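The values are calculated or read from the model by the stated rules, or taken from the named source; none is laboratory data. None of these values were measured; they are calculated from a predicted model. Counting neighbours? That spans all protein chains shown, and the Cβs are built from the backbone with ideal geometry, glycine included.
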Amino acid sequence: MRSLRRRRRRSSPRAGCEAGGFRAREPGPEIARNLRRAVTRSEAVALLRAAGVPDPLGDTARLERGSDGADAFAEAIRRRAAREPVSHILGFREFWNGRFRVTPAVLDPRPETETLVALALEEPFARVLDLGTGSGAIIVSLLAERPEATGVGTDISPEAVLVAGENAAALGVADRLILPLSDWWADVGGRYDLIVSNPPYIAASEMAALAPEVRDHEPRGALTDEGDGLGAYRAIAEAVFAHLEPGGRLLLEIGPTQARSVAALVSEAGLIEIAVHPDIDGRDRVLAARRPA
Ligand SMILES: C[S@@+](CC[C@H](N)C(=O)[O-])C[C@H]1O[C@@H](n2cnc3c(N)ncnc32)[C@H](O)[C@@H]1O
């Protein structure tokens, strides 16, 4: 298993949005919008910095590596200065041990979600369910690490399921993964020894303060339940007991302030051994629980 510590330097757009968002500073975006010529690396860094991009040096390097020639690099910098996510400009994101295709239809997989993957791999599992699979980042990574396991990854978004299918094929796990469209449990059957989910957990009232990369470019349905941010956890808690094998585990990604509320929900659902684990930045990020054996 890879070290999480090694990956600390990576940017984390949803972590950024939780901190209240990065405010764009004029006139960076204005200059970048009018960019019609090649840019040097130092000009690119200055443009991104002026646009309020949180990691101008790192993003310049990533975009330079991913661009085919000077014109493509200038275009990539123009898009990044307009606060488009790097993953949308390049079309992919490195997550765990794989390169995942990312489109505007799916959440850009976050480094902090690798905490959940690492915890999942601490125990054996044969059948895994991922609720709200998005790009498939979690379940595809898990199946790639456990060649004997099979999985089901659901999503309410047909576009997301297609992207997850492409990633499953590219990473060699498609023959062990089913990807049904489902509104949480509506079309899910069977029992699993591991259930994972990174559901939409941002409250509707927090959406306006998100970083532009997140608010303006990621699917709204992947970010918020349009309520208090706990709606998806309530829905998951309703039927999780029935879909876990005795002794089976639940791992939920949570927002840093949600541990107590989500713990109460899964406790009411009959699960035990509830524990909260921090991410690489030390903030509450994954809630683990178990169905009694
Ligand atoms: C935060 S994203 C997580 C994506 C991916 N698992 C990851 O960690 O990168 C939440 C996902 O839940 C899906 N979703 C939202 N509401 C849903 C629902 N009612 N039923 C199933 N999936 C839903 C969204 O479409 C989105 O793909």
Practice task
Identify, from the list Glu218, Glu253, the residue that is near the ligand (Cβ under 9 Å from one of its atoms), under 30 Å from Pro147 (Cβ atoms) and in the same structural domain as Glu159 (by TED's automatic domain parsing).
Solution key: Glu253
Exercise for the section: Mind counting the residues in the range 216-250 that are touching a residue at least 40 places away in the same chain (Cβ under 8 Å) and within 17 Å of Gly134 (Cα to Cα)? Expected result: 8
Completion exercise
Of the residues in the range 62-73 that are surrounded by fewer than 19 Cβ atoms within 10 Å (Cβ to Cβ) and in contact (Cβ under 8 Å) with a residue 12 or more places away in the chain, the one that is nearest to Arg110 (Cα to Cα) is Gly66
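So, in the range 228-237, exactly how many residues are surrounded by fewer than 22 Cβ atoms within 10 Å (Cβ to Cβ) and more than 12 Å from the ligand (Cβ to nearest atom)?
2
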Exercise for the section: Please find, among Pro111, Pro158, the residue that is surrounded by fewer than 17 Cβ atoms within 10 Å (Cβ to Cβ) and outside the structural domain of Gly52 (by TED's automatic domain parsing). Expected result: Pro158
Practice task
Among the residues of the range 196-212, count how many are small (Gly, Ala, Ser), touching a residue at least 60 places away in the same chain (Cβ under 8 Å) and in contact with a strand residue (DSSP E or B) (Cβ under 9 Å, 6 or more places away or on another chain).
Solution key: 1
Exercise for the section: Name, by its number, the condition in (1) assigned to a helix (DSSP H, G or I); (2) loosely packed, with under 13 Cβ neighbours inside 10 Å; (3) at pLDDT 50 or above that does not hold for Arg6. Expected result: (3)
Problem - the range 115-142, residues that are under 18 Å from Gly190 (Cα atoms) and either free of Cβ contacts under 8 Å to residues at least 60 places away in the same chain or not assigned by TED's automatic domain parsing to the domain that holds Ala239 (or both) - result: Thr133, Ile139
Handout entry: Of the criteria (1) out of contact with any Leu (no Cβ under 9 Å at 6 or more places or on another chain); (2) within 24 Å of Asp284 (Cβ to Cβ); (3) of a type outside the set (A, V, I, L, M); (4) near the ligand (Cβ under 9 Å from one of its atoms), which one Ser205 fails
Key = (4)
Practice task
Kindly indicate whether Leu287 is touching a His at 6+ places or on another chain (Cβ under 9 Å), under 17 Å from Ile138 (Cβ atoms), in a strand (DSSP E or B) and modelled with pLDDT of 95 or more.
Solution key: yes
Exercise for the section: Six or more apart or on different chains, Cβ under 6 Å: which pairs go from a residue in the range 262-283 that's assigned by TED's automatic domain parsing to the domain that holds Pro199 and surrounded by 13 or more Cβ atoms within 10 Å (Cβ to Cβ) to one that's among the β-branched types (Val, Ile, Thr) and assigned to a loop (DSSP other than H, G, I, E, B)? Could you list them? Expected result: Val262/Ile254
